[in-house]
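Every number in this text was worked out from the coordinates using simple rules, so none of it is lab data. What you see is a predicted model, and the numbers here were worked out from it, not measured in a lab. Neighbour counts are summed over all protein chains in view; Cβ atoms, including those assigned to glycine, are modelled from backbone coordinates with ideal geometry.
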Amino acid sequence: MPKVYNFGAGPAKMPEEVYEIIRNEFTNFEGSGISLLETSHRSSTYLKLNKEVQDVVRRLLNVPQNYKILFLAGGGQGQFAAVPLNLISRTGTADYVVTGAWSAKAAKEAKKYGKVNLVIPPTDRYVNIPDQSQWNLDPNASYVHICTNETIHGVEYDFIPDTKGVPLVADMSSNFMSKKVDVSKFGVIYGGAQKNIGTSGVALVIVREDLLNQTLPICPSILDWTINAKNDSILNTPPMFAIYIMGRVLQWIERQGGLDVMAELATKKSSLIYNIIEESNGFYCAPVAKNVRSKMNIPFRIGSIEGNDALEKEFLKGAEALGLIQLKGHRDVGGIRASTYNAVTLEEVQALANYMKDFYKKHSK
Ligand SMILES: *Cc1c(COP(=O)(O)O)cnc(C)c1O
């Protein structure tokens, strides 16, 4: 089979080396003679793995000791409910900064459990993040929720908001472990694993200890951070295989040199694509404001900012013929989207860049 270049937004490309490791460990996990798939979640084998994965998260992100690291079922969206269920009881109200489809969804879910204040005016064209001086923060909010990287719209924070002491909660599903983050500036960080750090079904949740013990009584136990922290993420049978894969991906990141190396690569990879867009005299159009352009998900249109269906179809067809796949933009946005997560190599992005150049040349004559 010819080489396939996977630019999918999620579930997304995994590091090839990790597949090799998973293949080798699949039927005989750590010399136990059985697969992890048939190992008890209460066994010493799993307890060791549970600790190992927590440890690598703590090392990579330099997570301070007063933060718990949890592995919870239900993916990213499970946490859209868990966040208000665990945090909104203090004042009954929460601030949501809606900068794209995912934070909009999170805000909608939170409305089931309390009052939601929209910090910036609603829009259906997510192309920037208003300056903090224009934010309408409620000093009485139980927390402020942001999505640090909007996977669909390609809007990524280039700053950490100052919330004046109100706990900051961040959905990092699509840029988790793509760069260093000062965890101490956040109350809670969470994300589904299937974009940058593994496979679907598990959410990685990092929560400051003083934010526990205020869960709403209606909160299902499996979404309750306090109960899950007490049980070391083994309240029920956790998504063990997804947690294992996340661990192997994170260990791979560590072997590559850690988050600074990932960040440098992300800048290089995304610049390759954005530069071609900039130098195409308006043939390729990136809608997002330059300072908040995502280094993980690059949405763009062809022909004009509204796009040109025929040209975009031709672009995708030509790309697929070369093995460049999963480039179709999200149905809410249209056009093209290239995702350049940790596991996507510079060489692979270069192949896409070359194709974009050729396609431009062909059509600008
Ligand atoms: C994919 C994604 C989610 C949803 O994750 P699921 O695991 O599918 O629930 C939430 N937030 C962001 C930013 C995402 O990219």
I'd like to verify a number: residues in the stretch 186-221 that are closer than 19 Å to VAL144 by Cα, part of a loop (DSSP other than H, G, I, E, B) and within 12 Å of the ligand (Cβ to nearest atom), how many?
0
Filtered residues of the stretch 323-348 (kept if out of contact with any strand residue (DSSP E or B) (no Cβ under 8 Å at 6 or more places or on another chain) and either crowded, with 16+ Cβ neighbours inside 10 Å or of a type outside the set (D, E, K, R) (or both))
TYR341, ASN342, ALA343, THR345, LEU346
Considering ARG293, ARG255, which residue is farther than 18 Å from ASN149 by Cβ and basic (Lys, Arg)?
ARG255
Can you pull out the residues in the stretch 1-36 that are within 16 Å of the ligand (Cβ to nearest atom) and at positive phi?
GLY10
Residues satisfying the stated conditions in the stretch 96-132, i.e. over 15 Å from PHE80 (Cβ atoms) and not in a loop (DSSP other than H, G, I, E, B)
LYS115, ASN117, LEU118, GLN132
Residues located in the stretch 86-104, provided they are within 16 Å of the ligand (Cβ to nearest atom) and in contact with a helix residue (DSSP H, G or I) (Cβ under 6 Å, 6 or more places away or on another chain):
TYR96, VAL98
